[in-house]
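**Student:** Below you will find the structure I want to go over with you.
Since every read-out is calculated from the coordinates, none of them should be taken as a lab result. As the structure is a prediction and not an experimental result, all values here were calculated from the model. As a convention, Cβ positions derive from the backbone with ideal geometry for all residues, glycine included, and neighbour counts pool all protein chains shown.
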Amino acid sequence: MTITRRNFLKGMLSVSATAAIGPSLLVAATDAKAHELLDGVWRTTGSHWGALRARIVGGEVVEVVPFGHDKHPTVMLEGIKGLIYNPSRVRYPMVRLDWLKKTEGWNTTRGDNRFVRVTWDQALDLFYNELERVQKTYGPSGLLAGQTGWRQTGQFQSCTTHMQRALAMHGFYVKKIGDYSTGAGQTIMPYVLGSTEVYAQQTSWPLVLENAKTIILWSNDPVKNAQVGWQCPTHDVYGYFDQLKDKVAKGEIRVISVDPVVSKTQKFLGCEHQYINPQTDVPFMLAIAHTLYTEDLYDKDFIKIYCLGFEPFIDYVMGKTKDKVEKTPEWASKICGIAPDDIREFARMLTKQRTQIMFGWCVQRQQHGEQPYWMGAVIACMLGGIGLPGGGISYAHHYSGIGEPATGAAGPGGFPRNLDPGMEPLHNNNDFKGYASTIPVARWIEAIEEPGKVINYNGSKVKLPPIKMVVVSGNNPWHHHQDHNRMKKAYYNIETAVTIDYAWTATCRFSDIVLPACTQLERNDIDLYGAYSATGVLAMHKLVDPLFQSRTDFEIFQGLCKRFGIDKDKEYAQGMNDMQWITKLYNECVAANKGNFEMPDFETFWKDGYVGFGEGSTFVRHALFREDPELNPLGTPSGFIEITSRKIGSYGYEYCQDHPMWFEKAERSHGGPGSDKFPIWLQSCHPDRRLHSQMCESPALRETYTVQGREPAYINPDDAKARGIKDGDLIRVFNDRGQLIAGAVVSDDYPPGVVRIQEGAWYGPTGSAIGAIDTYGDPNTVTLDVGTSELAQACSAYTTIVDYEKFQGEAPAVNAFSGPIIVKPSEM
Ligand SMILES: Nc1nc2c(c(=O)[nH]1)N[C@H]1C(S)=C(S)[C@@H](COP(=O)(O)OP(=O)(O)OC[C@H]3O[C@@H](n4cnc5c(=O)[nH]c(N)nc54)[C@H](O)[C@@H]3O)O[C@H]1N2
Ligand SMILES: Nc1nc2c(c(=O)[nH]1)N[C@H]1C(S)=C(S)[C@@H](COP(=O)(O)OP(=O)(O)OC[C@H]3O[C@@H](n4cnc5c(=O)[nH]c(N)nc54)[C@H](O)[C@@H]3O)O[C@H]1N2
Ligand SMILES: [Mo]
């Protein structure tokens, strides 16, 4: 099928028109009367951006409207059509020219974007041959296929699951542990509160709204970040945000955002702002603890009954141990930029009425990111509100609808990631020769650079494996990983990089074999509606046939498995096709809910597109523990909240010791290390109108925020003035690691010394040379790539300082979105 430019633009216009009159078109999934007069058929599906209905005319999606049950749809639905129809689609299987020809220096030219078109059979043969070669030459340590990311929604088609099962049928490979989102948080919190906390259900919003008198949003922007969900979000949480806004206006709840910038949530709620210098939350919190302690304002009973190890911690605060510095508000003020008396006032304020502290995740995506989370828990203990509705601390109220009342219904299961019992891989060699078979996710480039290096990780030693081949599906490491110039160099050691994607991202550009997947809108699937609320089950109808030569990931990996031997493709699929799998997953879900939730037969469900489980019920985090800590102990070594952890202390780490502490960062703005040379902190926060890199390719959506076609860099007016930069100018953002072009948006929401460039901007360097300027504005061109500490070894992207200047001369054209440079066989 061909999409003409005219059709494409026409389609985009209809989406915008729909968005403008969106609310009046809200109809229940089964009641589409308003639409019956229009041409075409309506189909329902879900996505990370919410559920939607699409009108299809002549095999093309012409209109997208929100699902009837979604009362707070995100504007990002305007980008849905742009996922299917856009110039960045991977159209055909492609192989990198220099890799194929093994031209001299072939391994150093990744990024030059020159590719040759091949057939599906050729591409899958090449993929298979490389798997064979790498297994035989290097064994399982040679292959990294463990990275996962924000693959599109749907339980059956989940692409990383397909990749991992298919590769497991071939042999063993290196996997990852942790994720970029919460690597530090999910590693430290089990020692402190006994669970990851970051992925746990939190106190329900109705109870928070009823009982909290103060809410502290700490590094937290839920109004921006709850637009998307890991599974299809209901967006019901926005109803609670509306109520909160109302209560803030009436003075019933006080909300304070602790953040270096004015967030979207702060603006929406009209709430208060506590400015803080970037990366300095721990000194602020230590001084709060100092005030609570010295003014005798803390809950001694709570500490006595529920906590362990307060004394060693408070000795540190009082300057009796470790660095022997008393953590007074005067001491903290010099680092965090908050006046000593304001710190004292803030501490007192926390104790006056019931306070719910809600942490976002950003503050732990920095060096020593374990510390602010641990320290937050200590403050909450000193306040004594843990386990009370509207009190205590949470680490996830901004994520995937957490806090929406939950039905407790079972959702549909998925396609198996692992081999079935009794199945054996083609190469049954599990000998990693002393190298780690699992590595902390953010250390993979270090592994490629320095195989054999031994690093500490969470109480163990990890010997980094000699990775020679990387297979990527459902994640985009050339956006998500830090320091792209370091990545470029590391990739010289890679012999084969394979990527399966529907969009020609930078990861495709830096690969050797690229296989065209289709989008989730081009395949059938099933999903839970509301990841944590389990509000219902959603049919994901295929809207249109796969474009160009793209295939479902299921088909792609079946095709690969066929090369592993007779009937291996059938074994892989357990002899079922996609609709048989979806029916099976639905029927299993019906069985699991039998007696509790009525569900219709599959045909009815599939026709209606949705089955709901009714109202959810409320929950209070840590209530059982509060009720009886002996009967309901936490999952910590002692069962209590560990303000001091003997276990962590026993590891003997420098940057994560036995209780929370302040450690200076490798680089920090506002007077910190390196700020004389690079005075600006770069915050690469999560984007308001994308999911990471997904939808950056949507021209319609991109047009709503780009500046001269570049990713916006949000900067402070005084900083701009000092550099002769006006709103709308192109700027060059740089440090010793790299440089990028972005478009200046001058705004008072950003304090002096801070620039925001949202993560997920597509990387489009001018060439394969190290240091080549990025033409669109991916912040990871300049971010720092170090582990948070020996404990979590997690992503530290926010420990990054830069400077910027007005871009001089003629800027190179943006090349991020135009797909590969296709070299014809005659030109080879
Ligand atoms: N500087 C900085 N860097 C960051 C962050 C930050 O805050 N700052 N945040 C980090 C965090 S928290 C995260 S979670 C990561 C996100 O990193 P990723 O999860 O890697 O980001 P996405 O852009 O969602 O990448 C998903 C990729 O999978 C592809 N894809 C989606 N669905 C399918 C499918 O069905 N089949 C196939 N074959 N491909 C598919 C998409 O086209 C896209 O290229 O980024 C991390 N990186
Ligand atoms: N629209 C949208 N929503 C998303 C995503 C997306 O890509 N787009 N991604 C999803 C994913 S995978 C994740 S991991 C979550 C991310 O969730 P978070 O990591 O919580 O989100 P961010 O928006 O990056 O950061 C939240 C706030 O932290 C502030 N902040 C940054 N550094 C500091 C600091 O040093 N101190 C303090 N006090 N505040 C600081 C930022 O200014 C920002 O306002 O979002 C999810 N939601
Ligand atoms: Mo994330």
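**Student:** Taking the Cα centre of the range 642-712 as the origin and placing charges on Cβ (Lys, Arg +1; Asp, Glu -1), which of GLY652, HIS670, ALA700 is farthest toward the positive end of the dipole?
**Tutor:** ALA700
**Student:** What is the local net charge at LYS677, summed over the other residues whose Cβ is closer than 10 Å to its Cβ (Lys, Arg +1; Asp, Glu -1)?
**Tutor:** -4
**Student:** Excluding residues on the same chain fewer than 8 positions from LYS300, give the aspartates and glutamates whose Cα lies under 12 Å from its Cα.
**Tutor:** In chain and number order, the partners are GLU311.
**Student:** Would you mind checking LYS136/LYS570; LYS136/LYS453; LYS461/LYS562; LYS101/LYS463 for any pair whose Cα atoms are more than 28 angstrom apart?
**Tutor:** Over 28 Å Cα-Cα: LYS461/LYS562; LYS101/LYS463.
**Student:** Ordered by residue, what ³J(HN,Hα) values in Hz, to whole numbers, does the range 227-233 give under the Karplus form 6.51 cos²θ - 1.76 cosθ + 1.60, where θ = phi - 60° and Gly and Pro are x?
**Tutor:** Once rounded to whole Hz, the list reads 5, 10, x, 5, 10, 3, x.
**Student:** MET828 versus GLU330, label points 7 Å from Cα toward the beta carbon: distance in nm?
**Tutor:** It works out to 7.5 nm between the two label points.
**Student:** Of the options VAL192, CYS589, CYS307, report the single residue whose Cα projects farthest towards the positive end of the charge dipole of the chain (beta-carbon charges: Lys, Arg +1; Asp, Glu -1).
**Tutor:** CYS589
**Student:** For a Förster distance of 60 Å, can you work out the FRET efficiency between the beta-carbons of LYS562 and ASP342, rounded to the nearest 0.05?
**Tutor:** That gives a FRET efficiency of 0.35.
**Student:** Taking the Cβ of GLY743 as the center, what net charge do the other residues with Cβ under 12 Å away carry, scoring Lys and Arg +1 and Asp and Glu -1?
**Tutor:** +2
**Student:** Mind pulling the per residue volume of the convex hull built on the Cα atoms of the chain? Å³ is fine.
**Tutor:** 164 Å³
**Student:** Assuming a ≥ b ≥ c are the square roots of the Cα gyration tensor eigenvalues, decide whether the range 651-708 counts as rounded (a/c under 1.5), prolate (otherwise, with a/b larger than b/c) or oblate.
**Tutor:** oblate
**Student:** If you don't mind, there's one more thing I want to ask. What does the charge dipole of the chain about its Cα centre add up to, to the nearest 20 debye, if the Cβ of each Lys and Arg holds +1 and the Cβ of each Asp and Glu holds -1?
**Tutor:** Approximately 1320 debye in magnitude.
**Student:** Take a quick pass over the range 305-352 and tell me how many lysine pairs come in under 26 angstrom between Cα atoms, counting only ones 8 or more apart or on separate chains.
**Tutor:** For the range 305-352, the number of qualifying lysine pairs is 4.
**Student:** Let me ask something additional. Taking the Cα centre of the range 719-828 as origin, work out the dipole magnitude from +1 charges on Lys and Arg Cβ and -1 charges on Asp and Glu Cβ, in debye rounded to 20.
**Tutor:** In debye, rounded to 20, the range 719-828 gives about 220.
**Student:** Could you give the distance between the Cα centres of the range 381-441 and the range 547-596, to the whole Å?
**Tutor:** 23 Å
**Student:** If you count, for each residue, the other Cβ atoms within 10 Å and average over each peptide, how do 471-481, 405-415, 609-619 line up from highest to lowest?
**Tutor:** Listed from highest to lowest mean packing, they are 471-481, 405-415, 609-619.
**Student:** Something else about it: If you restrict to DSSP beta bridges whose two residues both lie in the chain, what percentage is antiparallel, to the nearest 5?
**Tutor:** 50 percent
**Student:** Enter the angle in degrees (range 0 to 90, nearest 10) between the Cα long axis of helix 370-383 and the first principal axis of the Cα atoms of the chain, meaning the one along which they spread out most.
**Tutor:** 40 degrees
**Student:** Taking only Cα atoms, what is the 0 to 90° angle, nearest 10, from helix 5-20's long axis to the longest principal axis of the chain?
**Tutor:** The answer is roughly 30 degrees.
**Student:** Right, here's the next one. List, in order, the whole-Hz ³J(HN,Hα) value for each residue of the range 171-184 obtained from phi through the Karplus relation with A = 6.51, B = -1.76, C = 1.60 and θ = phi - 60°; use x for Gly and Pro.
**Tutor:** Computed from phi, the couplings for the range 171-184 are x, 8, 7, 6, 10, 10, 10, x, 8, 6, 5, 9, x, 6 Hz.
**Student:** Between SER617 and ASN428, 0.36 nm times their residue separation minus their Cα-Cα distance comes to what?
**Tutor:** Fully extending the segment from SER617 to ASN428 adds 63.3 nm.
**Student:** For ALA436, what charge total do you get from the other residues with a beta carbon under 10 Å from its beta carbon, if Lys and Arg give +1 and Asp and Glu give -1?
**Tutor:** +4
**Student:** Looking at the square roots a ≥ b ≥ c of the eigenvalues of the Cα gyration tensor of the range 299-372, which shape do they give, rounded for a/c under 1.5, prolate if a/b is larger than b/c, or oblate?
**Tutor:** Taking the square roots of the gyration eigenvalues as a ≥ b ≥ c, the range 299-372 is rounded.
**Student:** Right, another one. Residues of the range 247-273 with the amide nitrogen closer than 11 Å to a label point 7 Å from the Cα of MET349, along Cα-to-Cβ, please.
**Tutor:** Flagged as within label range: 254-258, 272-273.
**Student:** While we're on this one: Starting from the amide H of VAL472, placed 1.01 Å from N in the peptide plane, find each other amide H under 5 Å away whose residue is 5 or more places distant or on another chain.
**Tutor:** VAL498, THR499, ILE500
**Student:** I'd like the FRET efficiency for GLU810 and LYS453, computed as 1/(1 + (r/R0)^6) with the beta carbon distance as r and R0 of 35 Å, rounded to 0.05.
**Tutor:** 0.20
**Student:** Sticking with this one: Taking H as built 1.01 Å from N, whose amide H comes closer than 5 Å to the amide H of ALA503, not counting residues under 5 places away?
**Tutor:** Distant-sequence amide H within range of ALA503: VAL90.
**Student:** Still on this structure: For a quick check: sort MET661, MET163 by the number of other beta carbons within 10 angstrom, fewest at the front.
**Tutor:** MET661, MET163
**Student:** Please list 678-689, 333-344 highest first by mean number of surrounding beta-carbon atoms within 10 Å per residue.
**Tutor:** With the highest mean Cβ count within 10 Å placed first, the list reads 678-689, 333-344.
**Student:** Here's something else I'd like to know. Based on the Cβ-Cβ distance of LYS726 and ILE305, what FRET efficiency does E = 1/(1 + (r/R0)^6) give at R0 = 41 Å, to the nearest 0.05?
**Tutor:** Working from the Cβ atoms, E equals 0.10.
**Student:** Would you list which lysines come within 16 Å of LYS245, measuring only between C-alpha atoms, while excluding same-chain residues fewer than 8 positions from it?
**Tutor:** Leaving aside lysines fewer than 8 places away in the same chain, those within reach of LYS245 are LYS213, LYS224, LYS264, LYS267.
**Student:** Still on this structure, I have one more. Given THR800, SER88, LEU292, which one lies farthest toward the positive end of the charge dipole of the chain, if we put +1 on the Cβ of every Lys and Arg and -1 on the Cβ of every Asp and Glu?
**Tutor:** SER88
**Student:** What is the order of LEU521, LEU631, LEU193, LEU784, fewest Cβ neighbours within 10 Å to most?
**Tutor:** Ordered from fewest to most neighbouring Cβ atoms within 10 Å, LEU521, LEU631, LEU193, LEU784 come out as LEU631, LEU784, LEU521, LEU193.
**Student:** Between GLN122 and GLU654, what is the spin-label point distance in nm, taking each point 7 Å from the Cα along the Cα→C-beta axis?
**Tutor:** Calculated label separation equals 5.2 nm.
**Student:** Of all beta bridges DSSP finds with both residues in the range 461-554, what is the antiparallel percent, to the nearest 5?
**Tutor:** Counting DSSP beta bridges with both partners in the range 461-554, the antiparallel share is about 35 percent.
**Student:** Could you work out how far apart the two model spin labels at GLU588 and ASP718 are, taking each label as a point 7 Å from the Cα in the direction of the beta carbon, and quote it in nm?
**Tutor:** Taking the simple label geometry, GLU588 and ASP718 are separated by 5.9 nm.
**Student:** Can you tell me which of 522-530, 597-605 comes out highest on packing, and rank the rest after it, using the mean Cβ neighbours within 10 Å?
**Tutor:** Ranked by mean Cβ neighbours within 10 Å, highest first: 522-530, 597-605.
**Student:** Could you tell me whether the range 352-421 comes out rounded, prolate or oblate from its Cα gyration tensor? Rule is a ≥ b ≥ c as square roots of the eigenvalues, rounded for a/c under 1.5, then prolate if a/b exceeds b/c, otherwise oblate.
**Tutor:** Since a/c reaches 1.5 but b/c is at least a/b, the shape of the range 352-421 is classed as oblate.
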